[in-house]
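Following: one structure in structure tokens, then a few remarks.
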Amino acid sequence: MIIITGGSGQLGRLVIENLLTRVPAHQIGISVRDPSKVTDFADRGLRVQQADFEDENSLIRAFEGGSKLLLVSSNAAAYGGDTLLQHRNAIAAAKTAGVERVFYTAQASTAPDAYFPPGLSHYATEGMLAASGLAWTSLRHGFYAASGMHMIGDGISSGVLRTPADGPVAWTTHEDLAEVDAALLAGVEVIDGPVKLTADAEYDFAELAEIASGLLGHAVTQDLVDDAAFQAGLIGKIPPMQIGFMMSYYRAARAGEFVKGDGALARLLGRIPTSMGDVLEARFGSRSGTP
Ligand SMILES: NC(=O)c1ccc[n+]([C@@H]2O[C@H](COP(=O)([O-])OP(=O)(O)OC[C@H]3O[C@@H](n4cnc5c(N)ncnc54)[C@H](OP(=O)(O)O)[C@@H]3O)[C@@H](O)[C@H]2O)c1
């Protein structure tokens with residue numbers, strides 16, 4: 001059986017839908033904090049077990065009978081929680097439950113010296129997996145295109161993207177990542193250790209502003225501000241922890257932490273991955289500027 005955590009989330013849901021095209025429903029189990037969010041999957045014959053990353057025993061029960069596990073990374077640190085403790089619980093539970101291979105969703109920034117905090121916690125989690133004795137695959141996902149849209153949406157609407165200096169990012173869609181995650185879970189290929197899964201095209205915010213200008217038929221420009229001024233402008237508007245997180249994005253982007261991989265996503269998809277340019281075009285119209 002293949003067990004999926006985070007099955008109520010954006011990525012987990014898409015992975016499950018893709019997996020259902022490859023394996024029968026009764027061979028898929030969902031480990032989820034709130035089973036009422038996945039009654040649709042239960043109705044389609046998937047096994048649903050309640051479990052929380054905070055509670056190792058609940059995870060052991062939910063992983064029971066699983067040979068492969070998709071551990072969708074926790075975002076607990078963004079809410080003041082302990083991401084690494086949660087990952088430690090999940091990996092220990094996988095071992096106790098007899099899981100053979102853990103597939104973990106890391107990110108392109110994964111490194112021991114990353115400026116982007118999730119890159120550090122993904123690196124530490126990969127270390128836990130390596131020490132666990134379990135077989136493991138780390139799916140180092142490109143920066144979500146949906147997150148990018150969230151970051152630039154207001155600027156595109158207003159015509160001015162006011163940001164610190166940034167850098168190239170291989171924005172990648174949940175849809176492409178879920179398709180390949182599911183293929184690997186189903187066993188199309190066995191990859192040991194990390195694999196970087198990103199779109200092939202990289203864009204910084206100035207390039208995205210230029211594309212948006214062409215699509216919308218009115219100017220969208222990047223207004224560069226220095227880090228200190230940008231940071232000062234955020235005080236009182238968002239929680240202090242989020243300010244630090246946001247500033248880390250710009251430092252990391254400048255350092256190239258979100259650049260593309262070696263084409264593994266395209267190879268496994270068998271096509272060119274959706275680019276951020278494609279995402280903008282789908283949202284705002286054709287690139288010729290015609291409606
Ligand atoms: N590649 C990137 O650029 C990028 C960007 C942002 C985030 N991420 C990471 O990718 C992960 C998946 O992304 P997503 O878009 O699918 O996020 P999402 O829609 O927020 O889904 C997160 C999933 O994690 C579950 N979860 C949260 N806390 C849990 C806990 N204590 N125990 C068990 N399950 C828990 C959530 O369950 P509930 O429905 O019960 O809340 C939900 O199913 C995120 O959690 C984050 O770590 C990556």
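Values in this text are rule-based calculations from the coordinates and carry no lab data. Note that the structure is predicted; figures quoted are calculated from it, not measured. Reconstructed Cβ throughout: ideal geometry from the backbone, glycine too, with neighbour counts over all protein chains shown.
A compact table of results
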read-out: Matching entry among Asp223, Asp278, Asp227 (being free of Cβ contacts under 8 Å to residues at least 60 places away in the same chain and acidic (Asp, Glu)); value: Asp278
read-out: Per-region count, the range 50-65, residues touching a Leu at 6+ places or on another chain (Cβ under 9 Å) and among the hydrophobic types (A, V, I, L, M, F, W, C); value: 3
read-out: Residue pairs meeting the criteria (Cβ under 7 Å; at least 6 apart or on separate chains; first in contact (Cβ under 8 Å) with a residue 40 or more places away in the chain and more than 27 Å from Gly65 (Cβ to Cβ), in the range 79-96; second among the polar types (S, T, N, Q) and part of a helix (DSSP H, G or I)); value: none
read-out: Candidate set: the range 105-116, residues that are in a loop (DSSP other than H, G, I, E, B) and touching a helix residue (DSSP H, G or I) at 6+ places or on another chain (Cβ under 7 Å); chosen: the one nearest to Lys68 (Cα to Cα); value: Thr110
read-out: Tally, over the range 177-206, of residues that are out of contact with any strand residue (DSSP E or B) (no Cβ under 8 Å at 6 or more places or on another chain) and acidic (Asp, Glu); value: 3
read-out: Subset of the range 88-117 (residues that are over 22 Å from Ala51 (Cβ atoms) and within 15 Å of the chain's Cα centre (by Cα)); value: Gln107, Ala108, Ser109, Thr110, Phe116, Pro117
read-out: Conditions (1) within 30 Å of Gly256 (Cα to Cα); (2) within 8 Å of the ligand (Cβ to nearest atom); (3) touching a Leu at 6+ places or on another chain (Cβ under 8 Å); (4) of a type in the set (A, V, I, L, M, F, W, C): number failed by Ala108; value: (3)
read-out: Of the criteria (1) surrounded by 15 or more Cβ atoms within 10 Å (Cβ to Cβ); (2) among the aliphatic types (A, V, I, L, M); (3) touching an Asp or Glu at 6+ places or on another chain (Cβ under 9 Å); (4) assigned to a helix (DSSP H, G or I), which one Ile91 fails; value: (3)
read-out: Test: residue in the range 44-56 that is in a strand (DSSP E or B) and closer than 24 Å to Ala146 by Cβ; value: no
read-out: Criterion violated by Gly119 - all others in (1) buried (at least 24 other Cβ atoms within 10 Å of the Cβ); (2) assigned to a helix (DSSP H, G or I); (3) touching a strand residue (DSSP E or B) at 6+ places or on another chain (Cβ under 7 Å) satisfied; value: (1)
read-out: Scan of the range 35-53 for residues that are closer than 17 Å to Leu69 by Cα and near the ligand (Cβ under 10 Å from one of its atoms), ordered by number; value: Gln50, Ala51, Asp52, Phe53
read-out: Top-ranked residue of the range 1-34 - restricted to ones that are in a helix (DSSP H, G or I) and among the small types (Gly, Ala, Ser), ranked as nearest to the ligand (Cβ to nearest atom); value: Gly12
read-out: Filter result for Ser147 (surrounded by fewer than 16 Cβ atoms within 10 Å (Cβ to Cβ) and either assigned to a strand (DSSP E or B) or among the hydroxyl-bearing types (Ser, Thr, Tyr) (or both)); value: yes
read-out: Extreme residue, surrounded by the fewest Cβ atoms within 10 Å (Cβ to Cβ), among residues of the range 220-236 that are touching a strand residue (DSSP E or B) at 6+ places or on another chain (Cβ under 9 Å) and not charged (D, E, K, R); value: Gly233
read-out: Positions within the range 138-187 being more than 16 Å from the ligand (Cβ to nearest atom), touching an Asp or Glu at 6+ places or on another chain (Cβ under 9 Å) and under 30 Å from Lys68 (Cα atoms), in sequence order; value: Ala183
read-out: Scope the range 66-86; condition assigned to a loop (DSSP other than H, G, I, E, B), more than 6 Å from the ligand (Cβ to nearest atom) and either small (Gly, Ala, Ser) or under 16 Å from Thr96 (Cβ atoms) (or both); matching residues; value: Gly66, Ser67, Gly80, Gly81
read-out: Residue that is among the hydrophobic types (A, V, I, L, M, F, W, C) and either free of Cβ contacts under 8 Å to residues at least 60 places away in the same chain or under 19 Å from Arg251 (Cβ atoms) (or both), where the choices are Ala183, Ala124; value: Ala124
